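Colleague: Please read through the structure below; I'll follow up with questions.
Any read-out appearing in this document is the output of simple, stated calculations on the displayed coordinates, not a laboratory observation. Source: prediction; values computed, not measured. Because the Cβ atoms are built from the backbone with ideal geometry, glycine has one as well, and the counts that use them run over all protein chains shown.
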Amino acid sequence: MTEKTVFKRIIDREIPAKIVYEDELCMAFEDIKPAAPTHLIVIPKKEIPSANQVSPADEAIVGHLFVAMRKIAEQLGLGGGYRVVTNCGPDAGQEVMHLHFHMLAGRKFSWPPG
Ligand code: AMP
């Protein structure tokens, strides 16, 4: 059996996290190494390793994550905007193999990203 990812362990309440949003399909918690004043990790509870493994059966879940992010932005008062990022695979620097969106806010972001 493969080892649980750190995000699966957060879902299973085996390790602590500062959870800011949770419902039946997803959760959002503060990134342990924030890259912006607001830096959340938004994940599906379903174990999907990365954007590259999203299947047609996951369409509703991925849509649900974006609706959740809109709710979180409203809840946290992120009216000035925010950036949503997903790193997919080694060249993008993905460290945790559980699909997640970084939700970053509270400062200006440059483009293109590094
Ligand atoms: P990625 O490179 O897209 O896979 O990013 C993984 C993110 O998860 C990084 O920004 C880490 O700081 C964050 N992270 C890793 N472990 C934890 C944890 N236990 N709680 C919160 N965030 C974490």
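Colleague: Starting from the Cα gyration tensor of the chain, multiply each eigenvalue by 5, take the square root, and state the resulting semi-axes largest first in whole Å. Let's see the in-between values first.
Modeller: Working: eigenvalues 90, 55, 45 Å².
Calculated on Cα positions only, the semi-axes equal 21, 17, 15 Å.
Colleague: For segment 26-114, which chymotrypsin sites (Phe, Trp or Tyr not before Pro) are in a loop by DSSP, counting at most 15 other Cβ atoms within 10 Å?
Modeller: Working: sites: PHE29, PHE66, TYR82, PHE101, PHE109; in loops: TYR82, PHE109.
Counting only loop positions with at most 15 other Cβ atoms within 10 Å, the chymotrypsin sites (Phe, Trp or Tyr not before Pro) in segment 26-114 are PHE109.
Colleague: When the Karplus curve 6.51 cos²θ - 1.76 cosθ + 1.60 is applied with θ = phi - 60°, which whole-Hz ³J(HN,Hα) does each residue of segment 2-11 get, with x for Gly and Pro?
Modeller: With coefficients 6.51, -1.76 and 1.60, one gets 6, 5, 5, 6, 4, 6, 5, 5, 5, 4 Hz.
Colleague: With an 8 Å cut-off on Cα pairs and a minimum separation of 6 or more residues, tell me the relative contact order of segment 6-105 in percent.
Modeller: Details: 139 pairs, mean separation 32.3, N = 100.
Computed over segment 6-105, the figure is 32 percent.
Colleague: Can you give me the angle between helix 59-76 and the longest principal axis of the chain, using Cα atoms only, in degrees from 0 to 90, rounded to the nearest 10?
Modeller: In the chain, helix 59-76 runs at an angle near 40 degrees to the longest axis.
Colleague: Now a separate question. Please compute the modelled spin-label separation between LYS46 and HIS64, points set 7 Å along Cα→Cβ, answer in nm with one decimal.
Modeller: Taking the simple label geometry, HIS64 and LYS46 are separated by 0.8 nm.
Colleague: I'd like the trypsin sites (Lys or Arg not before Pro) in segment 33-114 restricted to DSSP loop residues with at most 12 other Cβ atoms within 10 Å, sorted by number.
Modeller: On the way: sites: LYS45, LYS46, ARG70, LYS71, ARG83, ARG107, LYS108; in loops: LYS45, LYS46, ARG107, LYS108.
Filter output for segment 33-114: ARG107, LYS108.
Colleague: Counting other Cβ atoms within 10 Å of each Cβ, which GluC sites (Glu not before Pro) in segment 46-114 have at most 14 and sit in a DSSP loop? Spell out each step's value before the answer.
Modeller: Details: sites: GLU47, GLU59, GLU74, GLU95; in loops: GLU47, GLU95.
Those satisfying the criteria are GLU95.
Colleague: Right, here's the next one. Please label the shape of segment 66-114 as rounded, prolate or oblate, based on the square roots a ≥ b ≥ c of the eigenvalues of the alpha-carbon gyration tensor (a/c under 1.5 means rounded; beyond that, a/b larger than b/c means prolate, else oblate). Present the calculation step by step, with values, prior to reporting the outcome.
Modeller: Details: a/c = 3.33, a/b = 1.47, b/c = 2.26.
Cα axes put segment 66-114 in the oblate bin.
Colleague: From a point 7 Å beyond the Cα of ILE15 in the direction of its Cβ, which residues of segment 25-43 have a backbone N at a distance under 12 Å?
Modeller: Correct set: 32-33.
Colleague: In the neighborhood of ILE11, defined by Cβ-to-Cβ distances under 14 Å, what is the net charge if each Lys or Arg adds +1 and each Asp or Glu adds -1? Please list the in-between numbers first.
Modeller: Numbers: positive: LYS4, LYS8, ARG9, ARG13, LYS45, LYS46; negative: ASP12, GLU14, GLU22, ASP23, GLU24, GLU47.
Here the count lands on 0.
Colleague: As I understand it, the dipole of the chain uses +1 on the Cβ of Lys and Arg and -1 on the Cβ of Asp and Glu, about the Cα centre. Which of MET97, SER110, MET27 lies farthest toward its positive end?
Modeller: Looking along the dipole axis, the top candidate is SER110.
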